[in-house]
Amino acid sequence: MARWDSLPSVVGLGMVGFVGHAVFPTIRNDMADKRDYPKVINVAYVIASILYVGIGCCGYLMYGDFSAEMITLNLGDTWFSQLTVWIVVANPLTKFPLVCFLPALYFISYLLQ
């Protein structure tokens with residue numbers, strides 16, 4: 001049964017995968033042909049959306065109404081579940097340097113002038 005009071009959390013969690021916009025200028029600047037940038041971004045978002053929907057459907061088919069609030073709690077207490085939890089923890093730590101790269105680059109170039 002759907003719990004409508006958790007809809008804002010679900011939407012927020014879904015949006016987390018699409019907030020890489022801070023690294024977009026760096027990606028565009030590193031591209032050989034910058035005219036392909038809009039197509040690359042659209043394809044990347046379509047692939048991410050298909051993966052999210054596919055994994056969500058598989059999770060629901062596997063666990064149904066017995067799914068826990070956090071998907072990592074459904075994995076049990078095995079080495080694989082512990083690895084998955086640590087990957088989830090490491091994810092923001094690896095994104096932070098990517099997000100800070102461009103502002104840091106501009107700041108350093110400003111200091112060196």
Find how much the distance from PHE96 to LEU51 grows on full extension, using 0.36 nm per residue of separation minus their present alpha carbon separation; answer in nm with one decimal.
13.9 nm
Given that compact globular proteins tend to follow 2.2 N^0.38 Å, what is the ratio of the alpha-carbon Rg of segment 69-113 to that value?
1.89
Estimated dipole of the chain in Debye, rounded to 20 [Cβ of Lys and Arg +1, of Asp and Glu -1, Cα centre]
420
Toward the positive end of the charge dipole of the chain, about the Cα centre and with charges on Cβ (Lys, Arg +1; Asp, Glu -1), which of ILE71, PRO25, VAL88 goes farthest?
PRO25
Evaluate 2.2 N^0.38 Å with N set to the residue count of segment 4-111, then give the Cα radius of gyration divided by it.
1.37
For the chain, what are the DSSP H helices with axial Cα length of 18 Å or more and mean Kyte-Doolittle hydropathy of at least 0.5?
37-63, 79-111
For the chain, what is the mean residue ellipticity at 222 nm derived from helices alone (per DSSP H run of n ≥ 4: -39500 (n - 2.57); sum divided by total residues; nearest 500 deg cm²/dmol)?
-23500 deg cm²/dmol
Need one number: nm distance between label points at LYS34 and GLN113, each 7 Å from Cα along Cα→Cβ, rounded to one decimal.
1.9
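Readers should treat all values here as calculations from the given coordinates under stated rules, not as data from a laboratory. Please read these numbers as outputs of a predicted model, since none were measured by experiment. Counting neighbours? That spans all protein chains shown, and the Cβs are built from the backbone with ideal geometry, glycine included.
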